[in-house]
Amino acid sequence: MDPIDRLLDEAESGLSLIKNRDALRFTFIPDRIQHRDNELTQVTQSLLPILKQSRPSNLLVYGKPGTGKTLVVKKVISKIQERVKSTNFPIKLVYTNSKVETTLYGLLLNFGRQLDMSEKELPWTGISISEVFRRILDVINNKKLNVILVIDEIDFLVKLVTKGNKDILYHITRANERLNNGSLTLVGISNNLTFKDHLDPRVISTLGEEEVVFTSYTIEQLRSIIQERIRMAFDRDVVYDSTLNLCAAYAGREHGDARRAIDLIRVAGEIAERDQSTSVQPDHIEEALKKIEEDKETAALKSYPLHEKLLILGVMRTDGSTTGSIYNVYKEMCRKIQQKELSYRRITQMLSEIEMSGLISSRLVHQGVHGNTKKFKLTISQSIVKETLYLDDTLRELI
DNA sequence: ATTCCACAGGAAACAGTGGTCC
DNA sequence: GGACCACTGTTTCCTGTGGAAT
């Protein structure tokens, strides 16, 4: 029998522990968002003026990852939209994420597209950023739209903005002064409480008119959140209490991250299904934890371009060595596979970038007369690096 | 106290790509 | 068709670092 058919048959006839997969996604918005009553109230209050057809203040939302910031903001806005649906007062929610849109231009383009602007009105390159923004404002003005622009991970946008175009955030926050009809309200969401330090004081004064801080979940709160998701997703008594407790404990250790907790129980459930187990047990959580880590590592490794991969190999070969010796090994590998080597400066920059992803770690070492250097170490297992990079044809002969 | 090493990392400039606008 | 624009990836240039050696 065809192995694919066999797997499909098994999946069809086999035990299906998870009855509702959607409930095991963090982005699934439940009817009631648990333990966020305070934050829901505060966000609603700051957006309330829009119901009275006046412009609300710009809003900043802070909180660690997995504290439900985006869920709460989206929930409140969708409720407001529901309320005004019957009136002749269109509210448009535009959601963008600065981590996904890696350039300012891309972010504005995404904004425009969500306002139904065509490629003709907003080409994907060729016009200046201020022109793009002017065209967007024109649309808001002409259609008399009340736009709530949600920028998730706004700290990344601030980084983009500080590179050049310093004024664009200022223009966004002051857009209403240029609008005769409609309005533009900015809701910024950030994981980083200190990002405002890098902003122009004029921007801070308008952007931070209202602020809501999301506290991290306690282990007890995480436990009840997971419990509710389990109730929605599984049959009764399928998930052990001890499994639930372990899951909450692991996620609590990661600064109260509910996203991680829900991921963990989902993957554990999938592993249990594959094992043909009739219940989800603590062992499955342990296994899920390992699998999530490994998946993250191989995905990161695969996503790197050639020279980054070469550097990771270099770090692996010279484990615990300095930038200088990693560069030498890297150059040698470039020669072997007939690639042009990059400059030393670029390599130090790349090593720092890779370090940010957590695949390697470094330590600054002061060696006196032998100067200062960084020593790099691989933080993941060598076998994962070898197995993953072996899939890359260009690198195979180096492994 | 001063010098020196071997880098780290910021700033600016440049090359190249792929586009618009007039 | 040429001026202009955004963006990425890179190079070049430069200043800063901190403990050992002198």
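Rule-based calculations on the coordinates, nothing more; no lab input. Bear in mind the structure is a predicted one, so any value in this text is a computation, not a measurement. All Cβ positions, glycine included, derive from the backbone under ideal geometry; neighbour counts span all protein chains shown.
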Checklist outcome for this item: With the convex hull built on the alpha-carbon atoms of chain A, volume per residue in Å³ sits at 211 Å³
Next on the checklist: Can you work out the Karplus-derived ³J(HN,Hα) for every residue in the stretch A:69-77? Use 6.51 cos²θ - 1.76 cosθ + 1.60 with θ = phi - 60°, whole Hz, and x for glycine or proline.
Outcome noted: 4, 5, 4, 5, 4, 5, 4, 4, 5
Next on the checklist: Quick check: from the Cα gyration tensor, does the stretch A:29-112 come out rounded (a/c under 1.5), prolate or oblate?
Outcome noted: oblate
Checklist outcome for this item: Sorted largest first, the C-alpha extents of the stretch A:304-398 along its principal axes in whole angstrom are 42, 27, 19
Item to check | Cα-projected label distance for A:D2 with A:S343, points at 7 Å along beta-carbon direction, nm | outcome: 5.5 nm
Next on the checklist: How much of the DSSP bridge set in chain A is antiparallel, in percent, rounded to the nearest 5?
Outcome noted: 30 percent
Checklist entry - If you average over every viewing direction, what projected area does the convex hull of the Cα atoms of the stretch A:37-214 give, in nm²? => result 9.7 nm²
Checklist outcome for this item: The FRET efficiency for A:E209 and A:R274, from their Cβ-Cβ distance with R0 = 56 Å and rounded to 0.05, is 0.65
Checklist entry - Considering chain A as a Gaussian network with a 10 Å cut-off on Cα pairs, which listed residue, A:K64, A:K196, A:K336, attains the greatest mean-square fluctuation? => result A:K336
Item to check | Restraint check, A:K340/A:K386; A:K331/A:K374; A:K331/A:K375; A:K309/A:K377; A:K75/A:K302, Cα-Cα greater than 25 Å | outcome: A:K75/A:K302
Next on the checklist: Restricting to Cα pairs below 8 Å that are 6+ residues apart, what does the relative contact order work out to for the stretch A:1-125? Please round to a whole percent.
Outcome noted: 15 percent
Checklist outcome for this item: Contour minus Cα-Cα span, A:T218 to A:N180, at 0.36 nm per residue, comes to 9.0 nm
Checklist entry - Between A:N245 and A:I29, what is the FRET efficiency for a Förster distance of 30 Å, r being their Cβ-Cβ separation, to the nearest 0.05? => result 0.70
Item to check | Cα-projected label distance for A:D22 with A:K331, points at 7 Å along beta-carbon direction, nm | outcome: 5.9 nm
Next on the checklist: Just to confirm my numbers, what's the Cα centroid distance between the stretch A:352-372 and the stretch A:118-134 in Å?
Outcome noted: 42 Å
Checklist entry - Under a point spin-label approximation (7 Å from Cα along Cα-to-Cβ), what is the A:T41-A:R55 distance to one decimal in nm? => result 2.9 nm
Next on the checklist: What does the extension gain come out to for A:K99 and A:R236, with contour length at 0.36 nm per residue minus their alpha carbon separation?
Outcome noted: 45.4 nm
Next on the checklist: Which residue fluctuates most in the GNM of chain A (Cα springs below 10 Å): A:G188, A:G106, A:G368?
Outcome noted: A:G368
Item to check | Whole-Å distance, taken between Cα centres, linking the stretch A:30-44 and the stretch A:259-301 | outcome: 29 Å
Checklist entry - Assuming R0 = 45 Å, what is the FRET efficiency of A:H370 and A:K296, from their Cβ-Cβ distance, to the nearest 0.05? => result 0.80
